[in-house]
Each structure stands twice: as C-alpha cells, then as structure tokens.
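Report on the following structure.
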Amino acid sequence: MRTRPAPSRRGFTLMESLMVVTILGIIAAGTLPIMQGVATNAAASDRTRRTCEAGAYAMDRIARLLRDAPAGTTTGTLDLTSAAPDTIGFADNRGLFIKGTELWFRNANGDEDMLIANVEAFEITYLAADGVTDTSATPQTTQRFIVRLVTGGFELRIAVFPRVRLDA
C-alpha cells in the first residue's frame, strides 16, 4: 500500500508574522522624523517663496510709481504733495503709505490697494543728483529715491530715478 506524503504548509507562522510587524515598526519609527523634517522644510520653503514673490511685486509697483512721478512746475522737479520716510504722495493723487503693518498704494482715482502685508520696515530716502545729498527738506528737487522694504525677514532695496529727471 502506498502512503501519501503529508501536504507541505505554505503560510507564515505566528512568530514570523510578529517578526515582520516588529521590523516594519522599527523602520517606520526611523523614517517618521525624516518625513516630518521634509514636510517642515517644504512648508518653510513655500513660505519663503511666497514672501519673496510678494516683496518683488511690491518693489516693482513702488519702482513704477516713483519712476513715473509727475513733473513739477519747474523743470527737473517733482510735483509732490507729501514726502516722509514712510509715505509719499503726488499731485495726481497717487502715492504710497503704511497702514499698521501693511503697505498701501493709492492710484490716480483715489482707489487704495494693499501692496504687501506684514511689513516690518519701509522707508524712502530722498536724494539729490549726486546720490548723497539728502533732499528731505525740499523733496520736489529729488533726483533719486532709495527704497528699503523689510518683510518676512527679507530686506529689499532699490534705487529709482524719476523720468522727469531726464528733462532737467
């Protein structure tokens, strides 16, 4: 009489399953801090990018406003109505000003738009043609603006020459 061989078992034992779960747990515990670090760095990078883009947009608008400053009655002068380190206004109603921690732009129609929020510092320096002499006392004679904007820990600076300067 022939006997049949016993069928082989093809499965995991309880002990093998526990070992696999334990090893996967150790691997997960080791990679979790790395994954959290990656997520934190990605969020910080995104915040930095958005801050840089907002600052660049604001500086571009500021430069356009100052470059296109209206001419004064005397050749080579500007038609300013207000000029301070943190605000500027022109006779055509356009200007820049700070409201709390926001930098605002006013167009010729008097409509106001926020350029950028979370402004830590904003200042305009009014200079003569030599680039050194301060013209804050007589801002209509300004030939160069130096603008400094600090937001989100970034400091942006720009020098702007008004176009009316070319007529002088």
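The values are calculated or read from the model by the stated rules, or taken from the named source; none is laboratory data. Because the structure is predicted, anything quoted here is derived from the model rather than measured. Backbone-built Cβ (ideal geometry, glycine too); neighbour counts: all protein chains shown.
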Open item on the list: Going by what's in this entry, would MET15 be described as more than 30 Å from LEU156 (Cβ to Cβ), more than 33 Å from the chain's Cα centre (by Cα), among the aliphatic types (A, V, I, L, M) and exposed (fewer than 10 other Cβ atoms within 10 Å of the Cβ)?
Closed with: yes
Open item on the list: Could you check region 99-117 and list, in sequence order, the residues that are assigned to a strand (DSSP E or B) and of a type in the set (A, V, I, L, M)?
Closed with: LEU103, MET114, LEU115, ILE116
- [ ] Looking at (1) touching a Pro at 6+ places or on another chain (Cβ under 8 Å); (2) closer than 28 Å to ARG47 by Cβ; (3) modelled with pLDDT under 95, find the lone condition where GLY152 falls short.
- [x] (1)
TODO: Would you tally the residues in region 66-98 being part of a helix (DSSP H, G or I) and either out of contact with any Lys or Arg (no Cβ under 9 Å at 6 or more places or on another chain) or within 22 Å of ALA137 (Cβ to Cβ) (or both)?
DONE: 1
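Among the listed residues ILE124, ILE158, ILE116, which satisfies the condition of being in contact with a Gly (Cβ under 9 Å, 6 or more places away or on another chain) and under 13 Å from MET59 (Cα atoms)?
Of ILE124, ILE158, ILE116, the one residue that is in contact with a Gly (Cβ under 9 Å, 6 or more places away or on another chain) and under 13 Å from MET59 (Cα atoms) is ILE116.
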TODO: Only residues that are surrounded by 14 or more Cβ atoms within 10 Å (Cβ to Cβ) and touching a strand residue (DSSP E or B) at 6+ places or on another chain (Cβ under 7 Å): list them for region 130-141, please.
DONE: THR135, PRO139, GLN140
Open item on the list: So if I check each of ARG144, ARG148, which one is at negative phi and surrounded by 19 or more Cβ atoms within 10 Å (Cβ to Cβ)?
Closed with: ARG144
Task: Number of the condition not met by ALA56 [criteria: (1) in a helix (DSSP H, G or I); (2) more than 30 Å from VAL164 (Cβ to Cβ)] - done: (2)
- [ ] Could you tell me whether ALA29 is free of Cβ contacts under 8 Å to residues at least 40 places away in the same chain and in a helix (DSSP H, G or I)?
- [x] yes
Task: Cβ pairs under 8 Å, 6+ apart, first in region 73-102 and in contact (Cβ under 8 Å) with a residue 60 or more places away in the chain, second surrounded by 14 or more Cβ atoms within 10 Å (Cβ to Cβ) and in a strand (DSSP E or B) - done: THR77/ALA71; LEU78/ALA71; LEU78/PHE90; ASP79/ALA71; ASP79/PHE90; LEU80/ILE88; LEU80/GLY89; LEU80/PHE90
Open item on the list: Restricting to region 79-118, give me the number of residues that are crowded, with 20+ Cβ neighbours inside 10 Å, within 16 Å of the chain's Cα centre (by Cα) and either farther than 17 Å from ILE146 by Cβ or of a type in the set (Ser, Thr, Tyr) (or both).
Closed with: 2
TODO: For residues that are free of Cβ contacts under 8 Å to residues at least 24 places away in the same chain, outside any strand (DSSP E or B) and aliphatic (A, V, I, L, M), tally how many sit in region 118-168.
DONE: 4
